[in-house]
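The values are calculated or read from the model by the stated rules, or taken from the named source; none is laboratory data. None of the values given here were measured: they were computed from a predicted structure. Please note: Cβ atoms are built from the backbone with ideal geometry, for glycine as well, and neighbour counts cover all protein chains shown.
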Amino acid sequence: MIDLSELLKEMLSASGLSGFERPIREIIKKHWEPLTDELSVSKIGSLHGLKRGQGAEPRHRVLISAHMDAIGMMVAEIHEGLLRITEIGGIDHRILPGQPVLVHGREALPGVVVQPPSHLLPESVGDGPVEMKYLFVDVGLRPEDVKEKVRVGDTVSYAQQPLDLTGEAMAGHTLDNRVSVAATTLCLEALQNRLHDWDVWAVASAQEEETLGGALTSPFEIKPDLAIVIDVCFAEGPGSNDWSSLPFGKGVGIGYGPNIHPALYDAFEAKAKALEIPYNRDLMPKMSGTDAMAVQIVAEGIPCAVIGIPLRYMHTPVETVSLKDVRRAGRLMAEFIADLTPDTLNKIRWEE
Amino acid sequence: MTKKIDEALKIGAEQIELLEKLCNATAVSGDEHEVRQIVLEAVKPIADEVKVDALGNVLVTKLGTGENRVRVMLAAHMDEIGFMIVKKHDDNLFAFECIGGIDERQLPGKAVLVGRDHLPGVIGAKPIHMTTAKERQNKISVSEMRMDLGPEIGDKVKPGDRATFATRFEELGPSIRAKALDNRFGVAILIELLRHAPENIDLLAAFTVQEEVGLRGARVAAYAFDPDMAIAVDSTPAYDLPTWDAEDENVQYNTRLDAGPAIYVMDRATIADRRIVNLLVKAGEEEQIPFQFRQPGGGGTDAGVIHKTRSGIPSTSVSVPSRYAHTAISIARKDDWEHTLQLLHAALRRVTPDLIAGERRD
């Protein structure tokens, strides 16, 4: 049995910013190696794990897409031993001052994001939020050493250590979307002891936060018949209580909207109901903000489902998730996949 | 002999271990228990007298051996800035207030430790996806923030519990990265000075409380000790960063890293006694210990109340420069710490009754 908390902490310990996924990819490889029949890496850096089905050939294929890349920062300028930064992915500059970070220079350098005092900033800033372009990263080294060890273009990742909160909650950076990679790993583990007709292609996709590059290219190579995209979704919490947020720790989200094939929504809902896995309908009236935006329109088009793990404080270094929901997501996907038959595709159709 | 003392006054593994323990402990103003315990454990075996007073100050006396010993008070505050939980909401989230000077822009997205059991929690922030560009031009106020310790926190946390940033102590090359270097540096230095107390003086070490909420501990400590002179040992900001456009020279740096201990001539609360300032300068020059003058201006230390205690006590302050004080993470140099320890020791060794016998001189 996989220890989910340990698995997640290991996954959070590795960086893997969009376009720079190698460190996390190596860790996922290690965990997927015993759970899959074949592993390969796509040209853009996504990890593909194939677990063959037991059905007669040619078998149908189901894709699970869980992006592994993380938001973060990049060194934009070096000045007197201090680093100016720019963002990779969406970061609210208001959460940056005082954050512990890791600068991936010639060696990994722990540092901190610095908000300079008001008298060193333009007067217009006053006591308001300080834009990212005025922030620094300080790695505690003297300028000559910084020059030797850091270059413009080096990545800077969050370095907040994960915290175990009460009620099987965990807080940390990059739980978006390592929780989905972990849930996919749990799904693969559950399938070890199940017969499944279809081939399962687990994909830890690259570059979701910036270009959707992984989600556009892996399905092209794999040509799945169906795709399950798993990502985090908004959980209710401070400043986040409208219709778009789901209760925290009270079940997975099943996405509903134009990126999702309605018959797949129905199939997942029916499966969750049958197994009494708590879930909530996650309304996505326009774009889903997930890999499904890309996967759906690859080649001649692919029917997608979106599974969401509710997460508080998204894109901060203290993202918070309930491990219960991660397990639920893994189980729901495994049960859905185990039930796929050669005939299933005939049921994934439009009403008319 | 001098050589031997210098060898002893080094920052080595033992000193770093003590500072780490001090920084990782929680001691928000008014609840200094954890640091007080560490201090008591360290000073009891080496002191002539140890008292904990009505406010929670630790007052340590280490007597010298010579004739006509000057009674020198050193003060280092034990408390740090932090938070108090003030309300539990229905959703298991906690409202909190800041204690001490905290810029609320430093709070969103931080890990915290709550209460005596150091329960982990976070101060979250609304997902960026749900904010508007206009909204991001306004800072997030403390009243909107909550501490989140998970859905099953129950009554393990109560209003009144203190909290601090969860930052763990770490060495970064020549530097230290930690919370509360203001003023665990001072606490660590006082302990070290007690261990190597010069024989020519009576050393009166006050580990004070409630500095960050108005220098309250130092006032009663100075009254109780009734010293001949006093030096507050603290940590002061190094604002030695470039200006935003990197064209103007930064003329308000307060202090600089790597420039040695900061000697105070004047701050908002104290106009230093020049005789002690000159003593520090002489000690630094004679022993070739680097030092700098803290730029005169705002801020203050325990000296702000000590120098006005009873009929007046000649005072100044010496600080270890540190960047980013009063935030989750400060960065300071080990060399500056070591030089502060050495400068203070060199100055104390040079204290004679003549120093403060006459009128205050400029």
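The stretch A:26-76 holds strands (runs of 3 or more DSSP E) entirely within its bounds, and those carrying 1 or more residues that are surrounded by fewer than 24 Cβ atoms within 10 Å (Cβ to Cβ), among the charged types (D, E, K, R) and in contact with a helix residue (DSSP H, G or I) (Cβ under 8 Å, 6 or more places away or on another chain) map to A:47-51, A:61-67.
Can you confirm whether A:Asp176 is of a type in the set (D, E, K, R), at pLDDT 95 or above and not in a strand (DSSP E or B)? Yes, satisfied. Checked against the criterion of being touching a helix residue (DSSP H, G or I) at 6+ places or on another chain (Cβ under 7 Å), more than 14 Å from chain A (Cβ to nearest Cβ) and either surrounded by fewer than 23 Cβ atoms within 10 Å (Cβ to Cβ) or closer than 16 Å to B:Val281 by Cβ (or both), the candidates B:Ile306, B:Ile356 yield just one match: B:Ile356.
Only one entry in A:Thr166, A:Thr211, A:Thr217, A:Thr184 is under 16 Å from A:Ala334 (Cβ atoms), of a type in the set (Ser, Thr, Tyr) and not assigned by TED's automatic domain parsing to the domain that holds A:Leu102, namely A:Thr184.
Here the strands (runs of 3 or more DSSP E) wholly within the stretch B:101-204 that include at least 2 residues being small (Gly, Ala, Ser) and within 18 Å of the chain's Cα centre (by Cα) are B:175-178.
Let's see how each residue does on (1) within 11 Å of another protein chain (Cβ to nearest Cβ); (2) hydroxyl-bearing (Ser, Thr, Tyr):
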{"residue": "A:Pro116", "(1), (2)": "yes, no"}
{"residue": "A:His119", "(1), (2)": "yes, no"}
{"residue": "A:Asp127", "(1), (2)": "yes, no"}
{"residue": "A:Tyr134", "(1), (2)": "yes, yes"}
{"residue": "A:Glu144", "(1), (2)": "no, no"}
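Against the definition (more than 26 Å from A:Leu35 (Cα to Cα) and assigned to a helix (DSSP H, G or I)), how does A:Val146 come out, yes or no? In short, yes.
Say whether the condition of being over 21 Å from the mean Cα position of the chain (by Cα) and at the interface with chain B (Cβ under 9 Å from one of its Cβ atoms) is met by at least one residue in the stretch A:82-95. Yes, because at least one residue in the stretch A:82-95 is over 21 Å from the mean Cα position of the chain (by Cα) and at the interface with chain B (Cβ under 9 Å from one of its Cβ atoms). For the stretch B:226-243, indicate whether the set of residues that are part of a loop (DSSP other than H, G, I, E, B) and on the phi > 0 side of the Ramachandran plot is non-empty. Yes: one or more hits. Of all residue pairs spaced 6 or more apart or on separate chains, those with beta-carbon atoms under 6 Å, a first member in the stretch B:74-87 that is outside any strand (DSSP E or B) and surrounded by fewer than 24 Cβ atoms within 10 Å (Cβ to Cβ) and a second member that is β-branched (Val, Ile, Thr) and modelled with pLDDT of 95 or more are B:Ile81/B:Ile102. Just one of the numbered conditions (1) without any contact (Cβ under 8 Å) to a residue 12 or more places away in the chain; (2) closer than 29 Å to B:Glu67 by Cα is not true of B:Gly214: (2).
A count restricted to the stretch B:169-188 and to residues that are charged (D, E, K, R) and either crowded, with 24+ Cβ neighbours inside 10 Å or assigned by TED's automatic domain parsing to the domain that holds B:Asp90 (or both) stands at 4. A count restricted to the stretch A:1-25 and to residues that are of a type in the set (Asp, Glu), within 16 Å of the chain's Cα centre (by Cα) and in a loop (DSSP other than H, G, I, E, B) stands at 1.
Annotation for the stretch A:199-219: at least one member residue is crowded, with 19+ Cβ neighbours inside 10 Å, outside any strand (DSSP E or B) and within 14 Å of chain B (Cβ to nearest Cβ). Being in contact with a Cys (Cβ under 9 Å, 6 or more places away or on another chain) and either of a type outside the set (Phe, Trp, Tyr) or in the same structural domain as B:Thr236 (by TED's automatic domain parsing) (or both) is a description that applies to B:Leu107.
Within the stretch B:52-73, can you find the residues that are free of Cβ contacts under 8 Å to residues at least 40 places away in the same chain and either under 30 Å from B:Asp354 (Cα atoms) or buried (at least 21 other Cβ atoms within 10 Å of the Cβ) (or both)? Scanning the stretch B:52-73 gives a single hit, B:Glu67. Confirm whether B:Gly300 is crowded, with 16+ Cβ neighbours inside 10 Å and in contact with a Lys or Arg (Cβ under 9 Å, 6 or more places away or on another chain). Answer is yes for this residue.
Condition check for A:Arg106 on (1) under 12 Å from A:Thr155 (Cα atoms); (2) at the interface with chain B (Cβ under 10 Å from one of its Cβ atoms): one failure, at (2). Of the numbered conditions (1) in contact with a strand residue (DSSP E or B) (Cβ under 7 Å, 6 or more places away or on another chain); (2) assigned to a helix (DSSP H, G or I), A:Gly98 satisfies every one except a single condition; which is it? Exception for A:Gly98: condition (2). In this structure, A:Val112 does satisfy being within 7 Å of chain B (Cβ to nearest Cβ), hydrophobic (A, V, I, L, M, F, W, C) and not in a loop (DSSP other than H, G, I, E, B).
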